[in-house]
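The next block holds one structure in the form of structure tokens; read it before the comments.
The values are calculated or read from the model by the stated rules, or taken from the named source; none is laboratory data. Keep in mind it's a predicted model, so treat the numbers as computed, not measured. Counting neighbours? That spans all protein chains shown, and the Cβs are built from the backbone with ideal geometry, glycine included. Heads up: the accessible areas ignore ligands, DNA and RNA and are worked out on the full protein's heavy atoms, side chains in. Shrake-Rupley method; radii C 1.70, N 1.55, O 1.52, S 1.80 Å.
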Amino acid sequence: MSQREFWNNKFSRDGFLYGLKPNTFIASKIGLLAKKSQVLCIGEGEGRNAIFFAKKEFNVTAVDASDIGLLKLQERAKEENLEINTLCMDLNHWEITHKYDVIVASYLHMYKEERSALFNKIEESLNTNGYFIGEFFSTKQLKYTSGGPKDEDLLYTVDDFRKSFLLCDKEIKEQVTILDEGKGHQGEACVIRVVIQKL
Ligand SMILES: C[S@@+](CC[C@H](N)C(=O)[O-])C[C@H]1O[C@@H](n2cnc3c(N)ncnc32)[C@H](O)[C@@H]1O
């Protein structure tokens, strides 16, 4: 099954699987970002981070493999009178045409073998001094029942981030936290949080 089919099936249900609020870690880093920055939200699903940034008057583009997720994002943006560009695409086929000041990702479960190409594209797509901010499930999440895939190849290690982003300043932390993100992420979890700045 493709990512599009898998996530379309999940997002076809009523409501917002990960809630309406942005990812707490990503939102907490807003103070680092210049006003009106160009923000790219990757693997953005139903759009909770994109809506948050658009409300703060950033210029937002959201990419996802799921057209149903992006449709829900656009419906919510319309209700809230916000403008967000959306692009339905498998990130394995991402071709760089634009540069961004900020790229964010929450719980983008890419396969291990897909990651270094993705990370290279993220680094290449950032303007100098731009930030990549993200939260991902650690491989240690397999012990927890708060959400995330039960396939180690879709989970991350600190090393995955350390060995990429060579021209960047990197803050990479693995930590146990409590998630409260809709029905999809509830309870104790082991996550990797990154703030990566292109030099
Ligand atoms: C766990 S959901 C997280 C959604 C959103 N970031 C959030 O936190 O609410 C994972 C998202 O990544 C997207 N995704 C997974 N693999 C992808 C790929 N190869 N290309 C584009 N999107 C992908 C899925 O469609 C889904 O929307």
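Numbers for the structure displayed
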item	result
For residue 130, residues with placed amide H under 5 Å, excluding near neighbours	198
DSSP beta bridge pairing in segment 3-198, given as percent antiparallel to the nearest 5	50 percent
Histogram of C-alpha separations across segment 3-198, 5 Å bin width, %	1, 8, 17, 22, 23, 18, 9, 2, 0
Of 140/163; 21/78; 140/198, those spanning more than 22 Å from alpha-carbon to alpha-carbon	140/198
Percentage relative contact order, segment 37-113, counting C-alpha pairs under 8 Å, at least six apart	39 percent
Sparsely packed GluC sites (Glu not before Pro) within segment 67-102, loop by DSSP, other Cβ within 10 Å at most 14	80, 83, 95
Fluctuation leader among 47, 31, 15 - the chain, Gaussian network, Cα springs under 10 angstrom	31
Heavy atoms of residue 13 accessible to a 1.4 Å probe, total area in Å² rounded to 10	140 Å²
Hz values of 3J(HN,Hα) by residue in segment 148-159 - Karplus curve (6.51, -1.76, 1.60), Gly and Pro given as x	x, x, 9, 10, 4, 5, 9, 10, 10, 10, 4, 4
Segment 3-198: relative contact order in percent, alpha carbon pairs under 8 Å with at least 6 residues between	20 percent
Whole-percent carbon and sulfur share, accessible surface of the chain, 1.4 Å	49 percent
Estimated 222 nm signal from helices in the chain, with DSSP H stretches of n ≥ 4 weighted -39500 (n - 2.57), rounded to 500	-7500 deg cm²/dmol
Farthest positive-ward along the chain dipole, Cα basis, beta-carbon charges - from 52, 18, 136	52
